[in-house]
Amino acid sequence: MFWGAWERRWIADDGLIVLRTVRNLLAGNGPVFNAGERVEANTSTLWTYIVYAGGWLTGVRLEYVVLGIALFLSTAAIVLAMLGTARLYRWRMRTATGTLLLLPAGVLVYIAVPPARDFATSGLESCLVVCWLALLWLLMLRWAVPDPEGGPLPGTAQILATAFVAGLGPLVRPELAIVAVLALAMLFFARGLDLRVRVAMVAVAGAVPVAYQIWRMGYYGLPYPNTAVAKDAGGAKWAQGFEYLGNLVSPYLLWLPLLFLVVLVAAVLVTTRDAASRLVPAEGRPRDVRGLLGWGQTLLRTPTAVVLLFLGSGLLLALYSLRVGGDFMHGRVLLPPLFCLLLPVAVVPVPLPDRAVLGNNRPTQLAGGLGVLWLATVVWAFFAANTTGMTEGAVVGRSGIVDERAFYVLNTGHAHPIRAEDYLDYPRMRAMVEAIANTPNGGLLLPTPAFDAWDVVPPPEPIPPGGAGHTVFFLNLGMTSMNTGLDVRVVDQMGLAYPLAAHTERLEDGRIGHDKILYPDWAVADSGMVDVHPWMPAYLDEEWVAKAKAALTCPETRELLDSSSAELTWPLFKRNLRKAFEYAGYRIDRVPEYEIQRCDLEMP
């Protein structure tokens with residue numbers, strides 16, 4: 001995993017977005033994308049602060065900090081997954097005679113899928129997600145599976161540690177609350193805990209996420225990251241989601257190794273019997289309610305329950321990803337569900353019979369059959385690892401899905417685009433830097449169809465000392481924001497870092513992950529730049545800009561924007577906390593005239 005991730009090392013444009021927030025943290029501007037605007041532009045809270053801690057402690061360039069942390073977490077995820085699964089099979093087969101081989105299997109399948117190596121070092125939180133899942137898997141199995149050497153089950157301290165790790169799930173990624181809640185429910189309702197331990201477990205698990213959620217709602221004025229608003233994460237695009245699933249499964253025949261491993265594990269389970277680990281008492285299932293509850297609580301603290309927890313979580317995460325339409329990056333959001341489903345077979349047991357019983361008998365035939373299935377998985381992994389998943393490479397097809405790493409490698413000309421400067425070779429980037437340098441008075445930068453030029457809408461006179469400042473209006477937030485100073489405001493028409501765009505309605509036929517597009521007229525009106533020709537580009541309409549200015553006076557819209565841009569006072573914090581969910585659901589019409597009508601304003 002380490003070598004595979006290193007060979008495909010890179011940082012995506014979206015990964016650079018995280019670093020912009022970290023730069024602001026290090027500069028004392030707070031966890032914001034643009035100084036003075038409280039916008040949570042990163043989906044993973046924990047990833048942002050881990051990178052911040054690494055940058056603050058080491059003083060090393062942030063791109064290299066991210067690369068080092070990502071390599072470590074991606075590799076650790078594989079190790080933790082194997083350790084957890086090894087404990088599972090060592091316990092089940094502890095009474096077996098002969099040698100028990102524990103061979104890497106599911107982890108080979110995961111590593112072989114090219115997106116798993118692509119997003120191991122993309123600067124995004126993928127490495128943290130799989131590491132958190134693997135750590136929780138190991139801790140839950142330590143909680144439920146006795147030590148094969150005869151040691152006791154974990155005590156209160158380890159249970160509380162497991163609860164703490166589980167509680168971090170929503171801060172790793174919001175949808176991981178699914179896994180976190182299920183794991184915490186299993187810990188809470190299992191038999192053998194007194195009331196004090198249950199109360200302590202709830203306090204330990206909820207302390208960090210609940211405290212952060214209260215702070216988030218008051219500080220940002222939203223109950224979840226702004227990225228969820230921009231992408232309307234609660235919307236449904238099932239057809240696109242299933243196309244996204246096929247885009248991952250089909251090129252690699254991903255169903256084939258899963259079939260091999262299911263058959264292998266089924267054969268092991270059928271042919272091994274562990275009487276000591278039976279869950280149901282010899283007298284059978286109890287019939288009274290109290291007895292059934294106690295029996296159910298006993299079942300919760302078993303290896304089978306933990307396996308079902310992660311298999312079920314994997315399916316739920318996959319269903320959620322399919323519902324929202326997947327993603328525009330090949331395979332990315334299906335990697336956590338795939339990892340969950342592979343955890344119970346991260347390693348697989350192959351029992352080798354003693355030499356004394358070798359021959360044409362059942363133990364030998366079983367070992368041979370299991371070995372063949374494992375070898376078939378290894379052969380598949382070899383071919384899958386060298387398969388190009390998207391034959392069109394860096395071209396964005398009709399599905400809107402693209403091989404993100406290939407796209408940026410091709411368009412920057414760098415085999416490993418990691419530093420922000422590497423993205424200066426992306427179309428428009430050097431021209432952007434030059435345009436900012438050539439306009440000391442400031443202005444609004446708008447991209448033109450040409451790849452080497454920008455339109456600059458100037459600020460009105462008189463120009464304040466030091467200039468009126470620059471605003472860049474462009475889709476690719478990471479490369480733009482990391483190649484400009486923190487004094488340059490960078491916003492996007494999709495709304496990842498721009499609340500005005502984030503709160504527009506989703507385009508039903510838009511490209512997945514890019515289905516909100518704010519007209520540049522709004523950016524002119526919002527930035528206060530000159531709004532008449534010839535200072536404004538010819539493709540912008542003076543009337544539209546005037547209407548956008550009028551629409552921005554809508555009281556509800558003004559209140560929404562003030563929730564993240566006005567000076568944060570205690571009354572504003574309380575109002576944000578109270579109205580965060582209302583703000584999250586607020587939408588404006590991207591056509592200024594219709595927005596004026598919606599707000600019942602006077603037409604200019």
**Complete:** Apart from one, (1) at pLDDT 95 or above; (2) over 24 Å from L496 (Cβ atoms); (3) crowded, with 19+ Cβ neighbours inside 10 Å all hold for L88; the odd one out is (1)
**Message:** For the range 20-45, give me each residue that is part of a helix (DSSP H, G or I) and either surrounded by fewer than 22 Cβ atoms within 10 Å (Cβ to Cβ) or among the small types (G, A, S) (or both).
**Reply:** R23, N24, L25, L26
**Asked** Here are some residues: M429, M494. Which one is under 24 Å from G326 (Cβ atoms), out of contact with any strand residue (DSSP E or B) (no Cβ under 8 Å at 6 or more places or on another chain) and either buried (at least 21 other Cβ atoms within 10 Å of the Cβ) or among the small types (G, A, S) (or both)?
**Response** M494
**Fill in**
Pairs returned, first residue in the range 37-56 that is among the acidic types (D, E), second residue that is part of a loop (DSSP other than H, G, I, E, B), beta-carbon separation under 6 angstrom, 6 or more apart or interchain, are E40/P225
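Residue by residue, here is whether (1) assigned by TED's automatic domain parsing to the domain that holds V591; (2) touching a residue at least 24 places away in the same chain (Cβ under 8 Å); (3) surrounded by fewer than 21 Cβ atoms within 10 Å (Cβ to Cβ) holds:
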{"site": "L486", "(1), (2), (3)": "yes, yes, yes"}
{"site": "V490", "(1), (2), (3)": "yes, yes, no"}
{"site": "A502", "(1), (2), (3)": "yes, yes, no"}
{"site": "R506", "(1), (2), (3)": "yes, yes, yes"}
{"site": "G510", "(1), (2), (3)": "yes, no, yes"}
{"site": "G528", "(1), (2), (3)": "yes, yes, yes"}
{"site": "M536", "(1), (2), (3)": "yes, yes, no"}
**Request:** Output yes when any residue across the range 410-432 is within 30 Å of F242 (Cα to Cα) and either within 25 Å of the chain's Cα centre (by Cα) or among the polar types (S, T, N, Q) (or both), and no when none is.
**Result:** yes
**Asked** Across the range 406-441, what is the total count of residues that are over 26 Å from V457 (Cα atoms), hydrophobic (A, V, I, L, M, F, W, C) and touching a residue at least 12 places away in the same chain (Cβ under 8 Å)?
**Response** 5
**Prompt:** Applying the selection to the range 426-470, what residues are of a type in the set (D, E) and not in a loop (DSSP other than H, G, I, E, B)?
**Reply:** E434, D455
**Fill in**
Only one of Y224, Y220 is aromatic (F, W, Y), in contact with a Pro (Cβ under 7 Å, 6 or more places away or on another chain) and farther than 25 Å from Q158 by Cα, namely Y224
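Any residue that is charged (D, E, K, R) and either more than 29 Å from W380 (Cβ to Cβ) or touching a strand residue (DSSP E or B) at 6+ places or on another chain (Cβ under 9 Å) (or both) - is there at least one of those in the range 120-132?
Checking the range 120-132: not a single residue is charged (D, E, K, R) and either more than 29 Å from W380 (Cβ to Cβ) or touching a strand residue (DSSP E or B) at 6+ places or on another chain (Cβ under 9 Å) (or both).
For A239, are the conditions met, namely being modelled with pLDDT of 95 or more and either in the same structural domain as A157 (by TED's automatic domain parsing) or surrounded by fewer than 17 Cβ atoms within 10 Å (Cβ to Cβ) (or both)?
The answer is no for A239.
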**Fill in**
Reported set for the range 1-19 where residues are of a type in the set (A, V, I, L, M) and assigned to a helix (DSSP H, G or I) is A5, L16, I17, V18, L19
**Message:** Take residues that are over 14 Å from the mean Cα position of the chain (by Cα) and among the aliphatic types (A, V, I, L, M) and tell me which of the helices (runs of 4 or more DSSP H) falling wholly in the range 68-178 contain 1 or more.
**Reply:** 106-112, 126-144, 156-167
**Those residues of the range 440-473 which are aliphatic (A, V, I, L, M) and within 18 Å of A538 (Cα to Cα), in sequence order** = L444, L445, L446, A450, A453, V456, V457
**Asked** Out of the residues in the range 523-568 that are within 15 Å of V591 (Cβ to Cβ) and of a type in the set (D, E), which is nearest to the chain's Cα centre (by Cα)?
**Response** D541
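Kindly provide the set of residues from the range 170-220 that are acidic (D, E) and without any contact (Cβ under 8 Å) to a residue 12 or more places away in the chain, ordered by number.
Hit for the range 170-220 is D194, nothing else.
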**Residue that is at pLDDT below 95, charged (D, E, K, R) and over 20 Å from R9 (Cα atoms), where the choices are E404, E461, E434** = E461
**Prompt:** Restricting attention to the range 122-166, and to residues there that are surrounded by fewer than 20 Cβ atoms within 10 Å (Cβ to Cβ) and of a type in the set (G, A, S), which single residue is modelled with the highest pLDDT?
**Reply:** A161
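The values are calculated or read from the model by the stated rules, or taken from the named source; none is laboratory data. Only a predicted model underlies this, so the values are computations on that prediction, with no experimental measurement involved. All Cβ positions, even for glycine, are placed from backbone atoms using ideal geometry, and neighbour counts span all protein chains on display.
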